[in-house]
Amino acid sequence: MSIQFNGTLAVTGASGALGQVLRAALACSGVAVRCMDIREPQRLHAGETFVRCDLADAEATLHALQGADAIVHLGGISTTASFAEVVAANVGGSFSVFEAARRHGIRRVVYASSNHVTGYYRSTQRVAPDMPQRPDSFYGLSKAFGENLAQLYWDKYGIEAVGLRIGSCFERPRDRRMLKTWLSHGDFVRLVDRALHAPKVGHTVVYGVSDNPQTYWDRDPGNVLGFVPFDSAAAFAEFDDTAPEPQFQGGSFVDIDETKLEP
Ligand code: NAI
Ligand code: 15L
């Protein structure tokens, strides 16, 4: 799977798991990619440059994003963490990214939100992106902030954004819950491709989930972008897990008391 993009594409969180998956797909088409992260990538593909940048530092982020034509914003804390940590990396970091987009006139941001924005819905419910946010953690709350920030920057400054409420994006489902929440790496790349190229997105929020036999989420808004998932957790039907179904969609994130976590 490869992605075409005309111009320079900035990828925050480029050294992370999904950053590496995305960059491999961009490298197939020789796209010019500005890789941004606090950690150096293991390797750089042809067409890539690396800028070490802490997104909590708004000035550094502004500088790093100069000349970019679009941003895929994956960088930040990707799991449960203390309030101070998510505020710095995710709340402050997303502000840095959207503010840099505004100041540089970058027209579109693809934002890695998370299913944990709505993790406090019960597992028996079907949730659509236009239903109220119900974060299950400080992490989910920081992603909810990012979506609301994107809405503000669209309404006030005309910066287009697609918020991807990514389910569980791993090589394969890891537990019973992930049979419903799994997004394959290939479908992740296809989704980012549509989020970058679909015309007139305004501010759109979609769930990022493969064509699993069962899911918690309404897939229609993703279809509107032209996203068609190819993969399905049905391929893992033999998955051997006798653990009970979680009560809430966010699974273990609901049970973790983040007020007890130290930064
Ligand atoms: P990851 O943890 O592997 O990668 C995140 C990257 O962000 C890391 O390379 C890290 O060094 C970088 N980073 C952290 N703080 C930073 C800061 N202050 N400034 C600059 N860079 C910073 O996470 P992964 O799995 O690649 O996820 C990418 C994005 O997608 C994250 O925002 C995550 O919350 C989101 N997401 C991922 C899901 C998944 O299943 N992998 C599910 C839902 C959302
Ligand atoms: C997320 O938001 C995390 O980044 C990822 O590591 C998984 O925990 C995923 O959600 C999930 O819900 O499975």
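If the convex hull of the alpha-carbon atoms of the chain is projected onto planes in all directions, what is the mean projected area in square nanometres? Walk me through the intermediate numbers first.
On the way: hull surface 52.6 nm².
Its average projected convex-hull area is 13.1 nm².
Here the extension length gained between Leu261 and Ala243 equals 3.9 nm, from 0.36 nm per residue of separation less the Cα-Cα distance.
FRET efficiency for the pair Tyr157 and Glu40, taken as 1/(1 + (r/R0)^6) with r the Cβ-Cβ distance and R0 = 30 Å, rounds to 0.40. Sorting Met131, Met36 by solvent-accessible area of protein heavy atoms yields Met131, Met36, largest first, with a 1.4 Å probe. Taking R0 as 41 Å, what FRET efficiency do you get between Ala234 and Gln4 from their Cβ-Cβ distance, rounded to the nearest 0.05? Using R0 = 41 Å, I get an efficiency of 0.85.
Which net charge results when you count Lys and Arg as +1 and Asp and Glu as -1 among the other residues whose beta-carbon is under 11 Å from that of Asp69? Around Asp69, the charge tally is +3. Amide H to amide H, with H built 1.01 Å from N, Arg134 comes under 5 Å of Thr118, Gly119, Tyr120, counting only residues 5 or more places away or on other chains.
Go through Val162, Ser137, Ala150 and say which Cα lies farthest out towards the positive end of the charge dipole of segment 121-181; charges sit on Cβ, +1 for Lys and Arg, -1 for Asp and Glu. Value computed over the given set: Ser137. Amide H to amide H distances under 5 Å link Val127 with Trp217, Asp218, where only residues 5 or more positions off or on other chains count and H is placed in the peptide plane.
Near the amide H of Gly208, within less than 5 Å, lie the amide hydrogens of Arg165, Ile166, Gly167, all on another chain or at least 5 residues away, with H placed in the peptide plane.
Kirkwood's formula applied to the C-alpha pairs of segment 76-120 gives a hydrodynamic radius of 11.8 angstrom. How much of the accessible area of segment 8-260, probe 1.4 Å, is carbon plus sulfur, in whole percent? Percent of accessible area from carbon and sulfur atoms in segment 8-260: 52. The relative contact order of segment 8-260 comes to 18 percent, based on Cα pairs under 8 Å that sit 6 or more residues apart.
Can you count the Lys pairs in the chain with C-alpha separation below 27 Å, eight or more apart or on different chains?
Working: Lys143/Lys156; Lys143/Lys180; Lys143/Lys200; Lys143/Lys260; Lys156/Lys200.
Going through the chain pair by pair, I get 5.
Using θ = phi - 60° in the Karplus curve 6.51 cos²θ - 1.76 cosθ + 1.60, the 3J(HN,Hα) couplings for segment 177-183 round to 4, 5, 5, 9, 9, 5, 10 Hz; x is entered for Gly and Pro. Ranking Met178, Val189, Gly67 by Cα position along the charge dipole of segment 8-260, where only Lys, Arg, Asp and Glu carry charges on their C-beta atoms, puts Gly67 farthest toward the positive end. Segment 9-24 and segment 39-107 have their alpha-carbon centroids 11 Å apart.
Accessible area ranking (1.4 Å probe, heavy atoms, ligands and nucleic acids excluded), largest first, for Thr49, Thr242, Thr118, Thr80: Thr242, Thr49, Thr80, Thr118.
Rounded to whole numbers, the Karplus 3J(HN,Hα) couplings from phi for segment 193-198 are 4, 5, 5, 7, 10, 4 Hz, using 6.51 cos²θ - 1.76 cosθ + 1.60 with θ = phi - 60°, and x at Gly and Pro. Plainly put, segment 195-242 has a radius of gyration that is 1.09 times its Kirkwood radius, both from alpha-carbon atoms, as the Rg/Rh ratio.
The values are calculated or read from the model by the stated rules, or taken from the named source; none is laboratory data. Predicted model only: the values in this text are computed from it and were never measured. Backbone-built Cβ (ideal geometry, glycine too); neighbour counts: all protein chains shown. What goes into the accessible areas is simple: the full protein's heavy atoms, side chains included, and nothing from ligands, DNA or RNA. Shrake-Rupley method; radii C 1.70, N 1.55, O 1.52, S 1.80 Å.
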